[in-house]
Amino acid sequence: MSMSAGCPRCSAPVAELTLGPDVDWSCPEHGSVVPLWRPSEASYDAFAEHLKTASSFPTYLPWPMSPGWTVTDFAVVGDGADRTRATMTCSSGTSELDGPVDVLVVTEEAGTGLGARCAGTRHDDPGVGEGPPTVRVRIESVQVPLWPVSTSGQPGEWDRSVVVGEAHGRWLWIVLRPASAILLLQDDWILRDVSRLGPPLVETPFGGPPPPW
Ligand SMILES: [Zn+2]
């Protein structure tokens, strides 16, 4: 596998423990974890491997990708076909107003902690649903309302905007850097589950500097 294993919640290296037929992954900080798999570099081949690891779990990208934008990073939390817990992608490009922009999209089962790590928030699962949503994105024909998540008091609190909602019974996080890039998010923005995309994926550009997370 060209992807390396890590902890979903932090950047500490994980240890692989083989117990009979089972493999357990252990983080010095978080104990036994379902591993996070991340490529050393975003490429088409590594993404094909990512989709295979994620199996039937969705992987979302903003769609269609704007000209000049590339997929700069992705990750999957899982240890086999039926235990995928989360996926993440980052697409990066530039906007006239914001300069370089990163858009991270995480979908995860409750309690995984990857979304909170990417968003830099304290709690694994966000509390949402108060007041009107910031935006409604579209996944297939379904509108998904997303609410703002405060990063106040966290390191780098002003460098990003975070919105979160629920799609297909999982958390959906979108993290935008810089914070002003939230204005790029419009109602009817489309997220495409690229796990079933097929041939058009070949056209998707990969590479470029990955975001910090
Ligand atoms: Zn950890």
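The values are calculated or read from the model by the stated rules, or taken from the named source; none is laboratory data. This is a predicted model, so every value here is computed, not measured. We place every Cβ from the backbone using ideal geometry, glycine too, and count neighbours over all the protein chains shown.
Among the residues of region 85-99, is any in a loop (DSSP other than H, G, I, E, B), away from the ligand (no atom under 16 Å from the Cβ) and in contact with a Ser or Thr (Cβ under 6 Å, 6 or more places away or on another chain)?
As a first pass, look at region 85-99 and keep what is in a loop (DSSP other than H, G, I, E, B): 85, 96-98.
From the residues that got through so far, the ones that are away from the ligand (no atom under 16 Å from the Cβ) too are 96-98.
If we keep only those that are in contact with a Ser or Thr (Cβ under 6 Å, 6 or more places away or on another chain) too, we end up with 98.
Yes: region 85-99 contains one or more residues that are in a loop (DSSP other than H, G, I, E, B), away from the ligand (no atom under 16 Å from the Cβ) and in contact with a Ser or Thr (Cβ under 6 Å, 6 or more places away or on another chain).
Among the candidates Asp102, Asp82, single out the residue that is acidic (Asp, Glu) and either within 16 Å of the ligand (Cβ to nearest atom) or more than 21 Å from Leu183 (Cα to Cα) (or both). Full working, then the answer.
Numbers: Asp102 fails: either within 16 Å of the ligand (Cβ to nearest atom) or more than 21 Å from Leu183 (Cα to Cα) (or both).
After applying the criteria, what remains is Asp82.
I'm trying to understand the selection: among the residues of region 26-44, which are within 10 Å of the ligand (Cβ to nearest atom) and part of a loop (DSSP other than H, G, I, E, B)?
Selection gives Pro28, Glu29, His30.
Quick check, is Thr72 of a type in the set (Val, Ile, Thr), assigned to a strand (DSSP E or B) and touching a helix residue (DSSP H, G or I) at 6+ places or on another chain (Cβ under 6 Å)? Quick ask: steps written out before the conclusion?
Numbers: of a type in the set (Val, Ile, Thr): yes; assigned to a strand (DSSP E or B): yes; touching a helix residue (DSSP H, G or I) at 6+ places or on another chain (Cβ under 6 Å): no.
Considered against the rule, which asks whether it is of a type in the set (Val, Ile, Thr), assigned to a strand (DSSP E or B) and touching a helix residue (DSSP H, G or I) at 6+ places or on another chain (Cβ under 6 Å), Thr72 comes out as no.
Are there any pairs with C-beta distances below 9 angstrom linking a residue in region 91-119 that is in contact (Cβ under 8 Å) with a residue 40 or more places away in the chain and within 20 Å of Gln154 (Cα to Cα) to a residue that is acidic (Asp, Glu) and buried (at least 22 other Cβ atoms within 10 Å of the Cβ), with the two at least 6 apart or on different chains, and if so which?
Asp102/Asp73; Leu104/Asp73; Leu114/Glu108; Gly115/Glu108
Pull up region 14-25, narrow it to residues that are surrounded by 11 or more Cβ atoms within 10 Å (Cβ to Cβ) and over 11 Å from Asp79 (Cβ atoms), then point me to the one that is nearest to the ligand (Cβ to nearest atom). Can you show your working first?
Going residue by residue through region 14-25, those that are surrounded by 11 or more Cβ atoms within 10 Å (Cβ to Cβ) are 14-15, 17, 23-25.
Applying the additional criterion that residues be over 11 Å from Asp79 (Cβ atoms) yields 14-15, 17.
Values: Val14: 7, Ala15: 11, Leu17: 15 Å.
Of everything passing the filter in region 14-25, Val14 is nearest to the ligand (Cβ to nearest atom).
Please list, ordered by first then second residue, the pairs with beta carbon atoms under 9 Å, 6 or more apart or interchain, first in region 138-150 and in contact (Cβ under 8 Å) with a residue 60 or more places away in the chain, second surrounded by fewer than 18 Cβ atoms within 10 Å (Cβ to Cβ) and among the polar types (S, T, N, Q).
none
Yes or no: Gly80 at pLDDT 90 or above, outside any strand (DSSP E or B) and within 29 Å of Gly198 (Cα to Cα)?
no
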